[in-house]
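Visitor: Dumping the structure here so I can ask a few things about it.
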Amino acid sequence: MEEVLFESETDESRAAVADYLRSVADRLDDGAVTLRSGGEEFTVNPPETVEFEVKVEREGAETSLELELEWTDGANEGGGGDFEVA
């Protein structure tokens, strides 16, 4: 069963979302990402290697871009892969 540890959804400009993603990327590079929304706060410490999924979906008139990082808590480093933003 899935347990949601943190969730936030807001309407933002593309520029604001880009700034947020840059901030997350910088913190990911440092090893810990703290997410805050209202009075909620949650910190994750992903391992050096994570599973990275990029997905674009269309449901009716709505299109979504999903970026997901996934890892097993306490897992050792695994292999890596190549990816790029075009």
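Visitor: For the stretch 1-54, which positions are of a type in the set (Lys, Arg) and at pLDDT 95 or above?
Guide: Initially, the stretch 1-54 is screened for residues of a type in the set (Lys, Arg), giving 14, 22, 27, 36.
Residues satisfying the conditions are Arg14, Arg22, Arg27.
Visitor: Quick one: which strands (runs of 3 or more DSSP E) lie wholly within the stretch 28-70 and hold at least 2 residues that are out of contact with any Phe, Trp or Tyr (no Cβ under 7 Å at 6 or more places or on another chain), within 23 Å of Arg14 (Cβ to Cβ) and of a type in the set (D, E, K, R)?
Guide: Details: elements: 33-37, 40-44, 51-59, 62-70.
Qualifying strands (runs of 3 or more DSSP E): 51-59, 62-70.
Visitor: Search the stretch 1-21 for residues being outside any helix (DSSP H, G or I) and acidic (Asp, Glu), and hand back the single one that is surrounded by the most Cβ atoms within 10 Å (Cβ to Cβ).
Guide: Going through the qualifying residues, I end up with Glu12.
The values are calculated or read from the model by the stated rules, or taken from the named source; none is laboratory data. Everything numeric here is computed off the predicted structure, so don't read it as measured data. In this analysis, Cβ positions are derived from the backbone assuming ideal geometry, glycine residues included, and neighbour counts consider all displayed protein chains.
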